[in-house]
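Coordinate-derived values only; no laboratory data. Quick caveat: nothing in here was measured; it's all calculated off a predicted structure. Please note: Cβ atoms are built from the backbone with ideal geometry, for glycine as well, and neighbour counts cover all protein chains shown.
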Amino acid sequence: MEILPEYGIDGNLKQSFRRDKPLSLKQVNRTLEIPFPFDLGSYFDNARTEETARLILHDVILESQGAGRAISYSANRNHYSGRQVFDGSLYTYRHVVTAIRTLARIGLIENHVADNTGPSGQQSIILPTDFLREIIKNPPVFGFNPVQLVHLKDANKNRVDYRLTEQIRKLCMEIAALNEATLASDIDFMDTPGVEKRGQFLVIDGGGQEPQFANTAYDQFYSVYNQTWNEGGRKYGHWVQQLSQKGERLYRDSVTINGNLTSEYDYSCLHGQLIYALAGHRLQVDAYTIDGWERETVKPAFNILINAEREAQAIGALCWHGIVPDRRAGERLMDAIRHKHKPIAHLFHSGLGRRLMRIDSDIMGRVIAELLKMGICPIPIHDSARVETRHFETLIEIMERNLDKALQQLSRKGEYTRAA
């Protein structure tokens, strides 16, 4: 059923569906087909539009069973320009809008169409009807199709197209090998206090705030590079990465692989070690211990100084994140960190963060390749990895050996040694 206009009833319809989820055609059915009481294909004169409709229904069904959010989409033709490389060949205005209108006409979804009188920037939204809910009492299991295994983003975080070279093919093959291993493994989540299983979602108690969601349908990885192929490269996408592992909220400890408990190993102050090596030194002390400052304050501040591109940006970030109360305190903290880390002080707030991510992603890539060759399925979480607990000591040995090798190579080059 199509409803026009979106703001014509109470002027506030959109806000009744908080934090809508943008439409994705990347949720694939990994089990049985949806048992429609009619031939869905008979309503479409184009097989690709029918396929688009089925993918739209996957998104709607998955959300309705879990987070309960509406699905937002654009009815603006310009939105779909150039999106097919990363969102799939079906992600076009013609396929998406035609499929949604048809699904609404046959009563499977509600289509709340935004009009030009509503707030600027608003999108249309779709929701399941009671008829669709009745059909999917026993919904299928959905998975994730990343479409493109390697993403390149510009300075504004927009995805950009690129030429497929031999180097990029190799990167794609590495991600594909990891995805093959994770899909072949049974990665699950144990019953845990504070976490409710709702459909394929894990609903995590927000401790008085809004709950958080982890969508276990996101079962594959892709990697993201920033501006150039020499920056970024970390792996994203898998639902385990959405789980907290801080303080008392050690939710990743409840992840199992093939029914077995798992353990995670995390590099200590990885970017600190890497930036010291780039300057031709080795980090020999605890980077976060500074007299007169709490370690919990120094740690995020140190990493901000490494990743910031300008000094003003670093001070602003310290204040924004509540690490210091004001700019003057931020300047004092930065001076204390510079004094503690004189060998690399010239590299702070110099924009090296993305380069360090490329180095750490290469290290983790070699770790993953070794583990896969041994038949061990890892779940990488940026600069850490989780494996079955029985393989934990092997994971530690491989990660430390690859890090030590990388540090030796970087130290020998001394690429960013301060000139005398």
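Structure summary
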read-out	value
Rounded if a/c under 1.5, otherwise prolate or oblate - segment 277-403, Cα gyration tensor axes	prolate
Relative exposure of 142, 131, 38, 348, judged by other C-beta atoms within 10 Å (fewest first)	38, 131, 348, 142
Least to most buried among 281, 391, 112, 79 (fewest other Cβ within 10 Å first)	79, 281, 391, 112
Between 0 and 90°, nearest 10: helix 392-413 axis offset from the chain longest Cα axis	60 degrees
Within straight-line cross-link reach of residue 342, lysines at Cα separation under 20 Å, skipping those fewer than 8 residues along the same chain	299, 413
Ranked 239, 320, 229, criterion: other C-beta atoms within 10 Å, fewest first	320, 229, 239
Within the chain: Cβ-based charge dipole about Cα centre, in debye rounded to nearest 20 (Lys, Arg +1; Asp, Glu -1)	1320 debye
Over the chain, relative contact order from alpha-carbon pairs under 8 Å, at least 6 apart, %	15 percent
Lys/Arg +1, Asp/Glu -1 at C-beta; the chain dipole; positive extreme among 132, 181, 368	368
Distance histogram in 10 Å bins (all Cα pairs of segment 97-194, percent per bin)	10, 21, 25, 32, 12
Student exercise, segment 305-420 dipole from Lys, Arg, Asp, Glu Cβ charges, in Debye to nearest 20	360 debye
At 1.002 mPa s and 20 °C, Stokes diffusion of the chain via Kirkwood alpha-carbon radius, µm² per second	89 µm²/s
Residues of type aspartates and glutamates that residue 21 reaches as a straight line, Cα spacing below 14 Å, ignoring anything fewer than 8 places off in the same chain	59, 63
Zero-based 10 Å bins, Cα pair distances in segment 248-332, whole percents	14, 34, 29, 17, 5, 0
Ellipticity estimate at 222 nm from DSSP helix runs (n ≥ 4, -39,500 (n - 2.57)) divided over the chain, nearest 500	-11500 deg cm²/dmol
Partner lysines for residue 373 [C-alpha distance under 24 Å; skip if fewer than 8 residues away on the same chain]	170, 235, 405
Relative counts (whole %) of C-alpha pair distances in segment 139-296, using bins that are 5 Å wide	2, 7, 12, 15, 15, 16, 15, 11, 6, 2, 0, 0
